[in-house]
Amino acid sequence: MRAIFVMIKCEMGQAYRVAREMADGIEELSEMHSVSGQYDLLGKFYLEADRDIGLFVVEKIQTVPGVKDTYTIQTFNAFSGAQG
């Protein structure tokens, strides 16, 4: 599995409804955060290694009513602090 982050710009007044619809309907979604700035939401999605990222974003995210724009960030490695 690999993680991608997608920043989502929504139609005015639609961010919370879009976030809820994605949380309820997109099984690849791990976390959804409301954020400040140019975009309204930041979603973390886990995809199989051979999954087409562009097709996933176009078919699963951009088709949700109220989504106006997306910006996708592909990840390579995750790092965390020492445990214990």
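The values are calculated or read from the model by the stated rules, or taken from the named source; none is laboratory data. Owing to the predicted nature of the structure, the values given are computational and were not obtained by experimental measurement. A quick note on method: Cβ atoms are made from the backbone with ideal geometry, for glycine too, and the neighbour counts reach across all protein chains shown.
Out of curiosity, is THR70 hydroxyl-bearing (Ser, Thr, Tyr), assigned to a loop (DSSP other than H, G, I, E, B) and over 16 Å from MET1 (Cβ atoms)?
no
So which residues in the range 1-20 are touching a residue at least 24 places away in the same chain (Cβ under 8 Å) and either more than 12 Å from the chain's Cα centre (by Cα) or more than 17 Å from LYS68 (Cα to Cα) (or both), if there are any at all?
Across the range 1-20, the qualifying residues are MET1, ARG2, ALA3, ILE4, CYS10, GLU11, GLN14, ALA15, ARG17.
Suppose we filter the range 36-50 for residues that are over 13 Å from THR70 (Cβ atoms) and within 12 Å of the chain's Cα centre (by Cα); how many remain?
Residues in the range 36-50 being over 13 Å from THR70 (Cβ atoms) and within 12 Å of the chain's Cα centre (by Cα): 3 in total.
For the range 38-65, which positions are outside any strand (DSSP E or B), modelled with pLDDT of 95 or more and among the small types (Gly, Ala, Ser)?
GLY54, the sole residue that qualifies.
Could you list all residues from the range 1-12 that are in contact with a Phe, Trp or Tyr (Cβ under 8 Å, 6 or more places away or on another chain) and part of a loop (DSSP other than H, G, I, E, B)?
MET1
Within the range 13-36, how many residues turn out to be out of contact with any strand residue (DSSP E or B) (no Cβ under 9 Å at 6 or more places or on another chain) and in a loop (DSSP other than H, G, I, E, B)?
Qualifying residue count for the region: 3.
With the requirement that a residue be under 14 Å from TYR16 (Cβ atoms) and touching a helix residue (DSSP H, G or I) at 6+ places or on another chain (Cβ under 9 Å), what does the range 32-73 give you?
Answer for the range 32-73, where residues must be under 14 Å from TYR16 (Cβ atoms) and touching a helix residue (DSSP H, G or I) at 6+ places or on another chain (Cβ under 9 Å): MET32, HIS33, SER34, ASP40, LEU41, GLY43, VAL64, PRO65, GLY66, VAL67.
Among residues belonging to the range 18-42 that are closer than 18 Å to MET1 by Cβ and among the charged types (D, E, K, R), point out the one that is surrounded by the most Cβ atoms within 10 Å (Cβ to Cβ).
Checked the range 18-42; the qualifying residue surrounded by the most Cβ atoms within 10 Å (Cβ to Cβ) is GLU28.
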